[in-house]
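What follows is calculated from the coordinates using simple rules that are stated; it is not laboratory data. Keep in mind that what you see is a predicted model, and the values were worked out from it rather than measured. No Cβ is skipped: glycine too gets one built from the backbone with ideal geometry, and neighbour counts run over all protein chains shown.
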Amino acid sequence: MSYVDGFVMPVKKSRLEDYRRLAKMAGKIWREYGALDYREWVADDAPVGKRTSFPRSVKLKDDEIVIFAYIVYKSRAQRDRINAKVMKDPRFTGMNMKTMPFDGKRMIFGGFKPLVKA
């Protein structure tokens, strides 16, 4: 079974197309370095829960929407090698974090090892 990086983040609704372009570029870069799959979705049915929810997890504001994404790798070792290359790629190192279409400080991310394959 594979290894997965997962992400949940808030994106300004007015910047969703900017984010889509960024995500397409990111997906291309990750795939170039060997990721098996790269997917992103925009929330369509993610209500605010009483205690926890996707919107609460990123402290969603009224003018934002939740993005859910994941990247699939063959293994944790492969993920570590790929991410090291991606982080040195000039297409990323030249980005200005202040002008990004999402708030990286409220992004949730992590790596996940397999548990069940049904």
Given contacts defined as C-alpha pairs under 8 Å and at least six residues apart, what's the relative contact order of the chain, whole-number percent?
48 percent
To the nearest 0.05, the calculated FRET efficiency linking Asp63 and Val116 through their beta-carbon distance, R0 being 30 Å, is 0.20
What distance in nm separates the simple spin-label points at Lys12 and Val48, each placed 7 Å from Cα in the Cβ direction?
2.0 nm
Evaluate the charge dipole of the chain about its Cα centre and quote only its size in Debye, nearest 20, assuming +1 on the Cβ of each Lys and Arg and -1 on the Cβ of each Asp and Glu.
340 debye
May I ask for the equivalent-ellipsoid semi-axes of the stretch 3-112, computed as the square root of five times each C-alpha gyration tensor eigenvalue and listed largest first in whole Å?
25, 17, 11
Please identify, among Arg106, Arg91, Arg79, the residue showing maximal mean-square fluctuation in a Gaussian network model of the chain using a 10 angstrom Cα cutoff.
Arg91
GNM of the chain, Cα pairs under 10 angstrom: of Asp80, Asp18, Asp37, the biggest fluctuation goes to Asp80
Ranking Val11, Thr93, Gln78 by how far each Cα lies towards the positive end of the charge dipole of the chain (+1 on Lys and Arg Cβ, -1 on Asp and Glu Cβ), the top one is Gln78
³J(HN,Hα) across the stretch 47-58 via Karplus (A = 6.51, B = -1.76, C = 1.60, θ = phi - 60°), whole Hz, x for Gly/Pro?
x, 6, x, 5, 10, 9, 4, 4, x, 5, 4, 10
Counting other Cβ atoms within 10 Å, which trypsin sites (Lys or Arg not before Pro) in the stretch 6-73 have at most 10 and lie in a DSSP loop?
Lys50, Arg51
Candidates Gly27, Gly104, Gly94; GNM for the chain (alpha-carbon contacts under 10 Å) flags as most fluctuating Gly94
